Amino acid sequence: MAIGKDSVETLIKEYPFLNYIKEDKSHYRRAKDAGYNDPNDIFLIGDSGGFLLDINEDDYFYHTYLLTEAADFYRKNKKYTFFKEDSIPHRQFRKREEYRRKHGFDAPCFMRHGVLCNLHISGAMYNYLNYTMIEQLDTSTIIHTKRGSTGKKKYDFPLFIDAQFWTFAIMEFAELNGFHLIIDKTRRGGFSYIMASDSANRINLSPKKVEIHVAADKKYLTATGGLTDFTINNLRFYETKTPFVRGIISNNKENFRLGFKLPNGTESPKSWGSALFSVSAMNNPDCAIGKDAVNVKVEELSTMDNFDDFMSVTEPAMRTGAYVTGNLFCWGTATSGNMQVFEQNFYSPAAYHFMPFENVWDKDSRNEVCGYFKPYCWGLQGQIGDQFAMDTDGNSNLEIGLRIAYQERKNKKDTAKTFSEYINYLGQYALMPSESFSSTTENMFTSEELLDWEEKLRTDNSYKFYTDGWLFEDPTDSRKVIFKPNARIQAEGGKLNVDYWDWIQGVPIKSYENHHGCVRVWFAPMQTQYVENNKIKKGVPIGLYSASYDPVGVDKAEGEITNKHSHNSIKIWMNPHPLNNFKPKLVAAYYGRPETLEQADRVFYNLCRWYNCVGTAGVEVNRGETVSNFTKWHALKYLMKDPVEIWDTSIKAKVAATYGVNMGDTKRKFDGLQFLREMLYSVIGKDELGRDVKFFQCIYDYQSILELKKWNSIGNFDRVSEMIIYALQWRQRNVNAAKEMAHRKKVKDLAASGNLIMERSWF
């Protein structure tokens, strides 16, 4: 959440992950009872079908120094053993440690309900704690001032941290059960160190094995501080400081190999032969194919625009028949890349066999599954006064972590040069996945006001006054349409996803949602008496409503549509009018994808008829077949013509234009975005407290506001593209109004002509 009206106490009270930890979990099935391989019995299955971490409020890690005996010995003696190299005790020590690095280690380090229990840490975590050197905070150098706290870093073995314990446990569970992992992480979580340590451990432990690191750009891997750079440092540490010497046959960072050569220069048949490959997926989605890797790790997922193409060829290569033979771990933090691709896969983990978790991190999302998320406040080093966010045994105090995060956000908001800089900060130090996937580019639509409106629409039930349903031709009069709510269709015997459909909630659409979608109505058409052609009529006045429509380009059957595909977006707007005190608002919407273009156009046609959008129905015509369908239906009267005047104000209104709006030109698209922003932030009135009301506050469609919040220049945002069409109408009205004002006579001209009303004779 952004820092606004809510207090830190509200944040703590409503924080989903903390509430999950505090809740009673006795009713959940245990993963092992559901047939999963969970030897340590630490995973549950939620009501959503996703996995849950068995974390309870009174859980407590205890005497975790018992897990780092080897590291403590090295720290004290600058070596791991005093045994003579290759002696029997030395060999025994080496075998023992290799076993622990592979299978894990147990120690009495866990308290539950006041009972001391054995704690199992995975082999990867044992290796990380005892054989990995990292840069970390030197607590002895911490200095507290009024402006904050400072400290220096040191090169040392990692601390035991509860959040990292769970990361390693998840990695182990995924491997045991044939899952891949997609992880949304925050800064300062140690993920690069964790994943690098895991890669080094695998390569050093097992001969003739291959690990592959993948990124959009190799700089994320091989540059100083990159994933591969960390891994190679770990491998060199084994060679120089441990009993696990394998030899290095190639120092090439892109093709790093363990082993040794014979005097003749060829590799020995007894050479270790394990390797680390680092490859770029840019323009090469099959970069990890053909190398028979036991593990593939993808760094900075948010920068991989072709991630879906990469997964389509890589995931099958990690299987032999029905058997998973290798695991794929991918992760990322909010960056300036295309977060939409990352987001779609994170919230639809089943698509590529990623381990699904019940979403205990986002608000009101317990019925949904997602990838794994590590929040910033969990495993955070810091303090407020004498209260620490993490104790010496690695136990997190989430409440203190949230207070630190809140204060940091407040400080960042006060010092950020732009609002987008502040949003970018929230994404990188997120408390919820939804924060991660807010746009981190220079989002021209986002503002604190818009975020507040998004929060209000999401949480305040008073704004949920819509009715979902469908439009049908009136059986008694084919010239008319009627709206039937879903509840009525169901009561008449209609079947879900056959005769009626639910509103699409996800942005982007979730994997379990039906792509068809429904019509949502906030305000039905206003029926009133009006004058037209000197005749009094009753019904919906022409010009009171406008429509905007962004259609898809090709037909697709239901089974072919994924959450990556575009969807049709339609809105009906009430224009400024004397009947509404000149206050516009969104009145109805449709978002979805029927199997054919004609079916989608029919939805648009019926909405135009119901709201009498004669001449005010705008549709983008760069794709689809709307104009031809409206021609066939003898309905061209509804379609707005291309507003050529707004592209060039010198053009007169009488110039003929084609039906629909052509947005194919790059400049037009840019101008359209500018017009949309101008419209959204136009002041349309005052609230009860006298504060300005902006246009976007008359948009009650939560999904549209959320899309504006997430918008970036490279993603697929159907609702934003559709709203541009109405923004063009808005702009055209302003252009026409300016022209009208220019032709009106000024007051002084009227006075000069003797036409000023106050100076006329009474008789």
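Among residues of the range 686-697 that are of a type in the set (D, E, K, R), those with a Cβ under 6 angstrom from a residue that is surrounded by fewer than 19 Cβ atoms within 10 Å (Cβ to Cβ), sequence gap 6+ or separate chain, pair up as Asp687/Val693; Asp692/Val683; Lys694/Tyr681. Taking every residue in the range 198-211 that is at positive phi and basic (Lys, Arg) and pairing it with any residue that is surrounded by fewer than 24 Cβ atoms within 10 Å (Cβ to Cβ) and in a loop (DSSP other than H, G, I, E, B), at least 6 positions away or on another chain, the pairs with Cβ-Cβ distances below 8 Å are Lys208/Trp272; Lys208/Gly273; Lys208/Ser274. Looking across the range 230-255, the residues that are in contact with a helix residue (DSSP H, G or I) (Cβ under 6 Å, 6 or more places away or on another chain) and closer than 19 Å to Val214 by Cα come down to Phe230, Thr231, Asn234, Leu235, Lys253. In the range 480-489, the residue that is nearest to Gln697 (Cα to Cα) out of those that are free of Cβ contacts under 8 Å to residues at least 24 places away in the same chain and out of contact with any Phe, Trp or Tyr (no Cβ under 7 Å at 6 or more places or on another chain) is Pro485. When the residues of the range 22-65 are filtered to those that are among the hydroxyl-bearing types (Ser, Thr, Tyr), within 29 Å of the chain's Cα centre (by Cα) and farther than 16 Å from Phe179 by Cα, the one that is surrounded by the fewest Cβ atoms within 10 Å (Cβ to Cβ) is Tyr28. The residues of the range 357-373 that are surrounded by fewer than 24 Cβ atoms within 10 Å (Cβ to Cβ), in a loop (DSSP other than H, G, I, E, B) and either modelled with pLDDT of 95 or more or in contact with a helix residue (DSSP H, G or I) (Cβ under 7 Å, 6 or more places away or on another chain) (or both), listed by number, are Val360, Asp362, Lys363. When Asn201 is tested against the conditions (1) modelled with pLDDT of 95 or more; (2) over 34 Å from the mean Cα position of the chain (by Cα), the lone failure is (2).
Here is a yes/no grid of residues against (1) at pLDDT below 90; (2) surrounded by fewer than 22 Cβ atoms within 10 Å (Cβ to Cβ):
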| site | (1), (2) |
| --- | --- |
| Ile183 | no, no |
| Ala196 | no, no |
| Ser206 | no, yes |
| Lys209 | no, yes |
| Gly225 | yes, yes |
| Asn233 | no, yes |
| Gly259 | no, yes |
| Pro263 | yes, yes |
| Ser271 | no, yes |
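Asp701: of a type in the set (Asp, Glu) and touching a residue at least 12 places away in the same chain (Cβ under 8 Å), yes or no? So Asp701 fits the description; yes. Determine, yes or no, whether Lys25 is in a loop (DSSP other than H, G, I, E, B) and either hydrophobic (A, V, I, L, M, F, W, C) or in contact (Cβ under 8 Å) with a residue 12 or more places away in the chain (or both). Yes.
Here Glu85 meets each of (1) assigned to a helix (DSSP H, G or I); (2) touching a residue at least 40 places away in the same chain (Cβ under 8 Å) with one exception, condition (1).
Would you confirm, using the coordinates I've provided, whether Tyr74 is of a type outside the set (Lys, Arg), surrounded by 12 or more Cβ atoms within 10 Å (Cβ to Cβ) and over 31 Å from the mean Cα position of the chain (by Cα)? Yes. In the range 471-506, what residues are touching an Asp or Glu at 6+ places or on another chain (Cβ under 8 Å), surrounded by 15 or more Cβ atoms within 10 Å (Cβ to Cβ) and not in a strand (DSSP E or B)? Matches in the range 471-506: Asn486, Ile489, Asp502, Trp503, Ile504, Gly506.
Matching residues to (1) of a type in the set (Asp, Glu); (2) within 30 Å of Phe342 (Cα to Cα); (3) assigned to a helix (DSSP H, G or I):
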residue	(1), (2), (3)
Leu431	no, yes, no
Glu449	yes, yes, yes
Gly469	no, no, no
Pro508	no, yes, no
Val531	no, no, no
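Filter the range 169-182 down to residues that are within 23 Å of the chain's Cα centre (by Cα) and assigned to a helix (DSSP H, G or I) and give me whichever is nearest to Asn397 (Cα to Cα). It comes out as Ile170.
Scanning the range 162-205 for residues that are within 21 Å of Gly104 (Cα to Cα) and in contact with a helix residue (DSSP H, G or I) (Cβ under 9 Å, 6 or more places away or on another chain) yields a total of 28. Checked against the criteria, Asp550 does not count as in the same structural domain as Phe695 (by TED's automatic domain parsing), free of Cβ contacts under 8 Å to residues at least 60 places away in the same chain and surrounded by 22 or more Cβ atoms within 10 Å (Cβ to Cβ).
The values are calculated or read from the model by the stated rules, or taken from the named source; none is laboratory data. Bear in mind the structure is a predicted one, so any value in this text is a computation, not a measurement. Positions of Cβ are generated from backbone atoms using ideal geometry, with glycine treated the same way; all protein chains shown enter the neighbour counts.
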